[in-house]
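Here the structure is laid out as structure tokens; the discussion comes afterwards.
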Amino acid sequence: MKLNFAETLLVNNPVRALVQRRFEGPLLGTLAGDLRGARVLEIGCGSGNGLGILARQFGAGEIWAIDIDLRQLRRARRRFQQAALSGASADMLPFRDGAFDAVFDFGVLHHVPDWRRAVSEIRRVLKPGGRFLFEEVTRAALDRPLYRAFFDHPRENRFSEAEFLTELAWRGIAPYPQMRRVCFGDIFIGAGIVIADPDIPLIHEKYRARA
Ligand SMILES: C[S@@+](CC[C@H](N)C(=O)[O-])C[C@H]1O[C@@H](n2cnc3c(N)ncnc32)[C@H](O)[C@@H]1O
């Protein structure tokens with residue numbers, strides 16, 4: 001779902017860029033492993049704040065990005081020429097299986113009506129051992145009057161942190177126990193890794209109990 005005017009202002013500004021660069025990037029850096037020279041994908045890249053982080057902070061070798069909003073892609077293109085950008089939806093990724101070492105989601109899946117399908121797509125395009133790094137917003141946050149008044153999000157079928165992590169685990173992405181919560185738990189930031197060995201049990205039972 002494309003951003004409305006208020007949320008476009010909120011994300012396309014230098015303060016958001018600074019928070020991403022100074023706080024979210026370094027935090028995800030502790031979970032991302034070594035991505036120097038890696039092939040990475042950012043879903044919902046917006047105006048391209050994350051792309052610079054992937055290049056400069058993570059040292060990614062090949063950066064791909066998608067967004068459903070062509071205006072956002074044009075902004076990202078102006079700011080960051082090295083990335084391969086496409087207009088596509090996170091729930092139908094135009095990439096082959098196992099194409100990426102890492103997939104980044106800076107606040108996108110809570111905008112996607114079929115976010116479970118998007119998780120399954122992310123899993124599909126990750127290599128075994130590949131990592132999914134995310135910053136996401138909970139249903140409780142989206143239900144607050146302030147959010148509802150100013151921003152447009154799908155109303156149905158949003159997720160709590162536990163439901164999100166359960167879905168990752170079901171799809172074969174084992175969530176890391178380290179999770180950072182900000183804004184009183186409205187936003188959670190973490191990572192998961194694709195388990196290569198089908199004999200290693202995922203830890204979904206733990207998260208299932210909390211979902
Ligand atoms: C809250 S903004 C975040 C933008 C950027 N990641 C950032 O952190 O500044 C969400 C972005 O996701 C994009 N988006 C929404 N639904 C999408 C979908 N189904 N597939 C891909 N991108 C989507 C929007 O166009 C928007 O650019």
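The values are calculated or read from the model by the stated rules, or taken from the named source; none is laboratory data. Model, not experiment: these values are computed from the prediction. All Cβ positions, even for glycine, are placed from backbone atoms using ideal geometry, and neighbour counts span all protein chains on display.
Is one or more of the residues making up region 48-67 more than 15 Å from the chain's Cα centre (by Cα) and aromatic (F, W, Y)?
yes
Keeping to region 18-43, report how many residues are crowded, with 19+ Cβ neighbours inside 10 Å, within 14 Å of the ligand (Cβ to nearest atom) and among the hydrophobic types (A, V, I, L, M, F, W, C).
Count: 4.
Can you list residue pairs whose Cβ atoms sit under 6 Å apart, with the first residue in region 12-27 being more than 15 Å from A76 (Cβ to Cβ) and the second being within 11 Å of the ligand (Cβ to nearest atom) and among the acidic types (D, E)? Count only pairs 6 or more apart in sequence or on different chains.
Cβ pairs passing all conditions: E24/E135.
Which of (1) surrounded by 16 or more Cβ atoms within 10 Å (Cβ to Cβ); (2) hydrophobic (A, V, I, L, M, F, W, C); (3) more than 13 Å from the chain's Cα centre (by Cα) does A118 not meet, given it meets every other one?
It is condition (3) that A118 fails.
Could you check region 18-31 and list, in sequence order, the residues that are part of a helix (DSSP H, G or I) and either among the polar types (S, T, N, Q) or under 14 Å from E135 (Cβ atoms) (or both)?
Within region 18-31, V19, Q20, R21, R22, F23, E24, G25, P26, L27, L28, G29 meet the criteria.
Among residues belonging to region 42-57 that are free of Cβ contacts under 8 Å to residues at least 40 places away in the same chain and assigned to a helix (DSSP H, G or I), point out the one that is nearest to A88 (Cα to Cα).
L51
Report those strands (runs of 3 or more DSSP E) wholly inside region 58-135 carrying at least 3 residues which are within 12 Å of the ligand (Cβ to nearest atom) and not β-branched (V, I, T). I'd like the intermediate steps shown before the answer.
Working: elements: 62-67, 84-87, 100-106.
Passing ranges, in order: 84-87, 100-106.
Taking G50 as the residue in question, decide whether it is more than 13 Å from the ligand (Cβ to nearest atom) and in contact with an Asp or Glu (Cβ under 8 Å, 6 or more places away or on another chain).
no
Only one of L27, L54 is modelled with pLDDT of 95 or more and of a type in the set (A, V, I, L, M); which?
Values: L27 fails: modelled with pLDDT of 95 or more.
On inspection, the qualifying residue turns out to be L54.
Any residue in region 71-88 that's under 16 Å from F104 (Cα atoms): show its pairings with residues that are away from the ligand (no atom under 12 Å from the Cβ) and assigned to a loop (DSSP other than H, G, I, E, B) at Cβ separation under 8 Å, as long as the two are six or more apart or on different chains.
What qualifies is A76/A83.
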